[in-house]
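Read the structure below first, then the notes.
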Amino acid sequence: MKILKIIGLVLAVLLVMVVLFLAYMGFFSSIKIVEKETGPYTIAYESFVGPYAETGKVFNRVYESLQKDGIETKRGLGIYYDDPSKVDADKLRSECGVIIAKKDRAVFEEVKDKYKTKIIENANRMIAEFPKKNVLSYMIGPMKVYPQFAKYMKKMNYNESVLGFEIYDEEQKKIIFMMDINQ
């Protein structure tokens, strides 16, 4: 009987620890969606086809290359073209890169031929933020935000949008999720 109490206590403590960790990660937080104009963003990036969970290495490659060229960037930007619930993981298309800050544009002009670049134009977008606590935030954030975007689009009678943008803001420790508004 005593062993059952100890096992029960250990399980209860573990459960509380898991719940507290999930709360810390933002798992239970509500997602607030706003509409606003964002952009333009100048990005240096690499294209990637494959599971979105494998894009981290691509981002790291771009970050490291830019650092070697003297550009210290604090904001990554991912463009995700496909809905992973409708497209096979090995066929998911994305572009993984960084936002070139205004202060770095002169230096970037000297090395930009080494990179794919594009400008994401100013547009009205749905925006939601999620805290970046650790690497798990990159998995929990999309699980929380994209279903809310889908509900919001339905509520507002917007056409379904698949193209998603994610800004990984290292200074402010947050992920900013964005989707263009298709009316």
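Side notes on the structure shown:
- Filter result for residue 35 (in contact with an Asp or Glu (Cβ under 8 Å, 6 or more places away or on another chain) and of a type outside the set (Gly, Ala, Ser)): no
- Residue count for the stretch 19-52, restricted to those that are in a helix (DSSP H, G or I) and exposed (fewer than 12 other Cβ atoms within 10 Å of the Cβ): 2.
- Taken together, 29, 94 contain a single residue that is at pLDDT 95 or above and touching a strand residue (DSSP E or B) at 6+ places or on another chain (Cβ under 9 Å), which is 94.
- Residue in the stretch 136-147 that is closer than 16 Å to residue 75 by Cβ and touching a helix residue (DSSP H, G or I) at 6+ places or on another chain (Cβ under 6 Å) present: no
- Strands (runs of 3 or more DSSP E) contained in the stretch 77-183 and holding at least 2 residues crowded, with 20+ Cβ neighbours inside 10 Å: 93-99, 123-131, 164-169, 174-180
- Pair list, Cβ under 9 Å, 6 or more apart: the stretch 108-127 residue within 12 Å of residue 66 (Cβ to Cβ) and touching a residue at least 60 places away in the same chain (Cβ under 8 Å), other residue hydrophobic (A, V, I, L, M, F, W, C) and loosely packed, with under 13 Cβ neighbours inside 10 Å: none
- In the set (1) farther than 30 Å from residue 159 by Cα; (2) modelled with pLDDT under 95, residue 58 fails one condition alone, (2).
The values are calculated or read from the model by the stated rules, or taken from the named source; none is laboratory data. As the structure is a computational prediction, the values presented were derived from the model and not from experiment. Neighbour counts are summed over all protein chains in view; Cβ atoms, including those assigned to glycine, are modelled from backbone coordinates with ideal geometry.
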